[in-house]
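The values are calculated or read from the model by the stated rules, or taken from the named source; none is laboratory data. Note that the coordinates shown come from a computational prediction; the quantities given were computed from them, not determined experimentally. Ideal geometry is used to build each Cβ from the backbone, glycine not excepted, and the neighbour counts take in all protein chains shown. Protein only, heavy atoms only, side chains kept; ligands, DNA and RNA dropped before computing areas. Shrake-Rupley method; radii C 1.70, N 1.55, O 1.52, S 1.80 Å.
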Amino acid sequence: QVQLVESGGGLVQAGGSLRLSCAASGRTFSLYAMGWFRQAPGKEREFVAAIDWWSGSGTHYADSLKGRFTISRDGTKNTVNLQMNSLKAEDTAVYYCAAHSGGNYYREASYGNWGQGTQVTVSS
């Protein structure tokens, strides 16, 4: 019932920055929160960040990414952004946004709708 479209991925040099966006449409009034996950080749999908949908102020981050990544919400556009700074080669992955349906923010199973993903490649 919620459609998600990611954009903003690409190729960037180590130390650079990228800003990912996730546009939500459909039944967005039913959302509790929006999250970002990522998956590198040969690795498990991992939690990146999440934000409370209604207030746009309650945020949650993977411990290893605090200080480099920032999640935010643009309520006028129903869009969630992920600002990624000081990028490292190990940040290379497909990044997905997802709609939280209840439960633990850090668990993949707590999200019911997913975007198609956007590739982020960091060269070193």
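Assorted remarks:
- Ratio of the Cα radius of gyration of region 1-81 to 2.2 N^0.38 Å, where N counts its residues: 1.14
- Near Trp53, the amide H atoms lying under 5 Å from its own belong to Ala33, Met34; only residues 5 or more places off or on other chains count, and H is placed 1.01 Å from N.
- Counting only protein heavy atoms and a 1.4 Å probe, the chain has 50 square angstrom of accessible area per residue.
- The candidates Ser7, Ser110, arranged from most to least accessible area with a 1.4 Å probe in the full protein assembly, appear as Ser7, Ser110.
- Sequentially through region 107-124, phi angles give Karplus couplings (6.51, -1.76, 1.60; θ = phi - 60°) of 9, 4, 5, 7, 10, x, 10, 10, x, 7, x, 9, 7, 10, 10, 10, 8, 10 Hz, Gly and Pro residues having no value and appearing as x.
- GluC sites (Glu not before Pro) within region 23-124: DSSP coil, no more than 13 neighbouring Cβ in 10 Å: Glu44
- For region 17-114, the relative contact order is 34 percent, taking Cα pairs closer than 8 Å that sit 6 or more residues apart in sequence and dividing their mean separation by the residue count.
- Solvent-accessible surface (1.4 Å probe) assigned to Ile71 amounts to roughly 10 Å².
- Taking amide H positions as modeled 1.01 Å from N, with prolines and chain starts lacking one, the residues under 5 Å from Asn113 and 5 or more places away or on another chain are Ala99.
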